[in-house]
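Notes to accompany the following structure.
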Amino acid sequence: MVKISAKAIFWDFDGVIKDSVSLKSDAFSELFSSSDKAVVNKINEHHELNGGVSRYEKIPLYLEWSGKDCLEERVIKYEKKFSKLVKLKVIQSDWIPGVENYLRKHFNDHEFFLITATPQNEIEEILEALHIKHLFKKIVGSPIKKEIAINEILKERKILAKDSVMIGDSEHDYIAAKFNKVPFILRKTMLNRHVQERLNCIMIDNFYE
């Protein structure tokens, strides 16, 4: 883990705080289990390559791939079912090595902000259950896009981009940071090796000091 001197740290959640990206792949597989195996594989691959994208964007797309009409009531039904499938699994999933201690030890040294594609109500319930909600100055979930959330926080808090950093595990996280001229740290995973090959940024495996 590199030493971070930035005033503000923008945290992603899945793959950065909790090892939960593959859990959501499993949930999508279950959600679309009646589809052809090739479609389910396509859905899993897309989800894992697009970790920073909201389910609000993914589910209509996956319904289309599955040959189902994207009626509003169907989309809402699938979103609710997906939420039930993943929430408890995420809470019970493994912490990324060293991150819980890092958050609890350093939340007074920096301003922590959580920026995630998980829906707002759901992420707040998860953070409450993990007893870490109070460590973040602000929590922003979908449907607000990450680049917009970062931009608004920088303005609200009068924080300079150069005095902040974002820690994420996807190219979408990197793009959101770059959009705001915020330095980026990639947390390396088995699922983002394609991103590791493309990006020129600091990369870490864990949060041990």
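Only the coordinates and a few stated rules stand behind these numbers; no lab work does. None of the values given here were measured: they were computed from a predicted structure. No Cβ is skipped: glycine too gets one built from the backbone with ideal geometry, and neighbour counts run over all protein chains shown.
Annotations
- Residue within the stretch 101-122 that is in a helix (DSSP H, G or I), surrounded by fewer than 19 Cβ atoms within 10 Å (Cβ to Cβ) and aliphatic (A, V, I, L, M) present: no
- Asn206 meets the conditions (1) touching a Pro at 6+ places or on another chain (Cβ under 6 Å); (2) under 13 Å from Phe10 (Cβ atoms); (3) of a type outside the set (Ser, Thr, Tyr) in every case but one. The failed one is (2).
- Residue that is nearest to Lys7 (Cα to Cα), among those in the stretch 148-158 that are buried (at least 19 other Cβ atoms within 10 Å of the Cβ) and not small (Gly, Ala, Ser): Leu154
- Qualifying residue in the stretch 162-184 (condition: small (Gly, Ala, Ser), surrounded by fewer than 20 Cβ atoms within 10 Å (Cβ to Cβ) and over 13 Å from the mean Cα position of the chain (by Cα)): no
- Residues being under 14 Å from the mean Cα position of the chain (by Cα) and within 21 Å of Ala6 (Cβ to Cβ) - total across the stretch 186-209: 3
- Of all the criteria given as (1) surrounded by 15 or more Cβ atoms within 10 Å (Cβ to Cβ); (2) touching a residue at least 24 places away in the same chain (Cβ under 8 Å), the one not satisfied by Lys68 is (2).
- Sole residue being outside any loop (DSSP other than H, G, I, E, B) and touching a Pro at 6+ places or on another chain (Cβ under 8 Å), chosen from Val40, Val75, Val86, Val90: Val75
- Options Ala6, Ala27; residue that is surrounded by 17 or more Cβ atoms within 10 Å (Cβ to Cβ), among the hydrophobic types (A, V, I, L, M, F, W, C) and touching a Pro at 6+ places or on another chain (Cβ under 9 Å): Ala6
- Failed criterion for Gly67 (all others in (1) assigned to a helix (DSSP H, G or I); (2) on the phi > 0 side of the Ramachandran plot hold): (1)
- Flag if Val21 is over 28 Å from Phe207 (Cβ atoms) and either free of Cβ contacts under 8 Å to residues at least 60 places away in the same chain or in contact with a strand residue (DSSP E or B) (Cβ under 7 Å, 6 or more places away or on another chain) (or both): no
- Residue in the stretch 4-26 that is more than 16 Å from Ile167 (Cα to Cα) and more than 20 Å from the chain's Cα centre (by Cα) present: no
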